Amino acid sequence: MTDANHSCGNCEQLRTQLAEKETEIAQLRARMDELGRHDSITGALNRRSLLETLVAELQRAQRTGHPFCFAVLELDRFEAVSGQYGHLAGDAVLKKMADTAIKLLRTVDRFGRLGGESFGIVLPATWLDQGMIAMGRLSKAIADCDWGDTAPGLKLTFSGGITTNAFGDTAESMIKRAEQGMRQAQGEGGQRTIQIEEALPTGLPGA
């Protein structure tokens, strides 16, 4: 083999190695981005990613005129669970709840952790009555969960609030309404979802 051929062979080998390294770096960056979008305990979307999804869905609804729902839910008496069984058991409960919800919801729905035992769900192209049906299915699934591997005999439920988008809505206003419904559900004893809509104007401008 001549020096030129040997040199070309080395160049080709270096190019192959460089391409492999670039692929590895791209995969690593994608993995880091994926981890940055998800909650470390539950694997669900984290708060930032869920809010980004909500904003994007609001923008799409404004363009298309299609309705969608946003729901907030919290596990009932979760602090008592953590206090009795410990924080590791509490984390396991949150993880199982998220897994159950993600498996049950549609592939287009987005489920995320807002913080603590509070979760949010974006339900695209969904009327409020359809959203209530989805929350009812989820409520039954959580109530029917077997938590024996974490805490024998444990039964869990959640309180939820759900709302639909209205003219002029922001992510903050939708979250506030859904949380208002959730607090009402908690005040009524839990294990229920309260739907709440933006109040209609009391009269036309200038009337």
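Numbers at a glance
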item: Lone unmet requirement of (1) surrounded by fewer than 18 Cβ atoms within 10 Å (Cβ to Cβ); (2) under 20 Å from the mean Cα position of the chain (by Cα) for Ser139; result: (1)
item: Pick from the range 171-190, criterion open to solvent by less than 60 Å² (accessible area, probe 1.4 Å) and not in a helix (DSSP H, G or I), ranking: farthest from Cys69 (Cα to Cα); result: Gly189
item: 1 or more residues of a type in the set (S, T, N, Q) and in contact with a Lys or Arg (Cβ under 6 Å, 6 or more places away or on another chain): qualifying helices (runs of 4 or more DSSP H) within the range 45-128; result: 47-64
item: The listed residue being among the charged types (D, E, K, R) and surrounded by 17 or more Cβ atoms within 10 Å (Cβ to Cβ), out of Asp99, Asp91, Asp129, Asp76; result: Asp76
item: Pair list, Cβ < 6 Å and 6+ apart or interchain, from the range 43-65 residues that are on the phi < 0 side of the Ramachandran plot to residues that are open to solvent by 20 Å² or more (accessible area, probe 1.4 Å) and part of a helix (DSSP H, G or I); result: Ser49/Arg37
item: Test: residue in the range 146-165 that is farther than 21 Å from Gly65 by Cα and assigned to a helix (DSSP H, G or I); result: no
item: Given (1) modelled with pLDDT of 95 or more; (2) farther than 30 Å from Ile175 by Cα, number of the condition Asn46 does not satisfy; result: (2)
item: For Ser159: the one exception among (1) at pLDDT 95 or above; (2) exposed (fewer than 15 other Cβ atoms within 10 Å of the Cβ); result: (2)
item: Any hit, the range 56-72, residues being surrounded by 17 or more Cβ atoms within 10 Å (Cβ to Cβ), within 21 Å of Glu172 (Cα to Cα) and more than 16 Å from the chain's Cα centre (by Cα); result: yes
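The values are calculated or read from the model by the stated rules, or taken from the named source; none is laboratory data. Because the structure is predicted, anything quoted here is derived from the model rather than measured. When we count neighbours, we look across all protein chains shown, and the Cβ atoms used for this are built from the backbone with ideal geometry, even at glycine. The accessibility values were calculated without ligands, DNA or RNA, using every heavy atom of the protein model including side chains. Shrake-Rupley method; radii C 1.70, N 1.55, O 1.52, S 1.80 Å.
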